[in-house]
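The values are calculated or read from the model by the stated rules, or taken from the named source; none is laboratory data. No experiment lies behind these values; they were computed from the predicted model shown. A quick note on method: Cβ atoms are made from the backbone with ideal geometry, for glycine too, and the neighbour counts reach across all protein chains shown. Remember, those area values only see protein heavy atoms, side chains included, never the ligands or the DNA or RNA. Shrake-Rupley method; radii C 1.70, N 1.55, O 1.52, S 1.80 Å.
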Amino acid sequence: MLIPLLWLVSTAFKSAGEDIFQFPPQFLPTQPTLDNFRRVWAENPLAQYFFNSTLVALLTVGLNLLFCSLAAYPLARLEFKGRQTLFLLIVATILIPFQVVMIPLYVLIINLGLRNTYLGLVFPYLASAFGIFLLRQAFQSIPKDLEEAARIDGCNDLGVWWNVMIPSARPALITLAIFVFIGSWSDFLWPLIILDEPDRYTLPLGIATLASGFSLDWRLVAAGSVLSILPVFGVFLALQRYIVPSAAASGVKG
């Protein structure tokens, strides 16, 4: 599993005089250099690609957490007719591959005038069945005593959601945020469909243009790919300490 990643990193640091396709592969560069990173950054608008990917990923994470948590709370706590059936229908949509809804989504985006826009990139991921399922399970594990105490203090349903459920389900929210960020950051198919302006390209599309040029240099492609995965590692390393079992039950005494 790690061999392709090691080969990618090794290729990014190899100089022009080294054979990157030799067999067996040489993972340690004999003449390591940072020139590939300097060239790929100087010769391509990677800064714009980074900005586009970062903005789209942050918008996707924020809106996905908002809408998934708003949908998960009534499914977990409120009593209404058809609640379980509705939840099962939502979870069943996980079985539908994205390629099935790709064309209807594209037509909808065109009709809304969102092609070549950041909102158009975010639109299909405003909510997800997996996110609703994950947060519903997290909300159900929160002791009802906390919710009842909040209602005694005068909180309505929205107040309970914001003041009790969201803080208590922080580990699940952060876990979902990591999954959504990685999915948005690495998404290639949807941006490829709705973007035709290079100024709006995300990193996966930008890296793909490096591999489709007339003068293909795999060292530059590898260097660009390494730069594109660094934010993912950074986000995971920064947030992994929050992925722990919720301590919501500790708020209940006796």
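Some notes on this structure:
- Residue in region 12-24 that is part of a helix (DSSP H, G or I) and open to solvent by less than 80 Å² (accessible area, probe 1.4 Å) present: yes
- Those residues of region 137-157 which are farther than 26 Å from Val91 by Cα and either touching a residue at least 24 places away in the same chain (Cβ under 8 Å) or charged (D, E, K, R) (or both), in sequence order: Asp145, Leu146, Glu148, Arg151, Asp153
- Some residue of region 170-180 being within 24 Å of Leu114 (Cβ to Cβ), among the basic types (Lys, Arg) and open to solvent by 40 Å² or more (accessible area, probe 1.4 Å): no
- Selection within region 120-136 - in contact (Cβ under 8 Å) with a residue 40 or more places away in the chain, part of a helix (DSSP H, G or I) and either in contact with an Asp or Glu (Cβ under 9 Å, 6 or more places away or on another chain) or not β-branched (Val, Ile, Thr) (or both): Gly120, Leu121, Pro124, Tyr125, Phe130, Gly131, Phe133, Leu134, Leu135, Arg136
- Listed by first and then second residue, the pairs with beta-carbon distance under 7 Å, at least 6 apart or on different chains, first residue in region 88-109 and among the aromatic types (Phe, Trp, Tyr), second open to solvent by less than 90 Å² (accessible area, probe 1.4 Å), are Tyr106/Ile193; Tyr106/Ile194.
- Residues within region 99-129 that are within 21 Å of Leu65 (Cβ to Cβ) and hydroxyl-bearing (Ser, Thr, Tyr), tallied: 3
- If you go through region 183-203 and keep only what is surrounded by fewer than 19 Cβ atoms within 10 Å (Cβ to Cβ) and not charged (D, E, K, R), you end up with Gly183, Ser186, Phe188, Leu189, Leu192, Ile193, Pro198.
- Residue match in region 180-201 (condition: out of contact with any Gly (no Cβ under 6 Å at 6 or more places or on another chain), within 30 Å of Ile142 (Cβ to Cβ), among the aliphatic types (A, V, I, L, M) and part of a helix (DSSP H, G or I)): yes
- Annotation: of all residues in region 64-89 being farther than 15 Å from Trp162 by Cβ and basic (Lys, Arg), the one that is most open to solvent (accessible area, probe 1.4 Å) is Lys81.
- Scan of region 134-169 for residues that are open to solvent by 30 Å² or more (accessible area, probe 1.4 Å) and of a type in the set (A, V, I, L, M, F, W, C), ordered by number: Leu134, Leu146, Ala149, Ile152, Cys155, Leu158, Trp162, Ile166
- Residue in region 158-191 that is farthest from Tyr242 (Cα to Cα), counting only those that are under 11 Å from the mean Cα position of the chain (by Cα) and not aliphatic (A, V, I, L, M): Asp187
- Cβ-Cβ contacts under 8 Å between residues 6 or more apart (or on different chains), taken from a first residue in region 13-25 that is more than 11 Å from Trp218 (Cβ to Cβ) and among the aromatic types (Phe, Trp, Tyr) to a second residue that is open to solvent by 70 Å² or more (accessible area, probe 1.4 Å) and in a loop (DSSP other than H, G, I, E, B), are listed as Phe13/Pro32; Phe13/Leu34.
- Whether a residue is open to solvent by 90 Å² or more (accessible area, probe 1.4 Å) and either closer than 30 Å to Asp196 by Cα or among the basic types (Lys, Arg) (or both) was assessed, and Ile103 passes this test.
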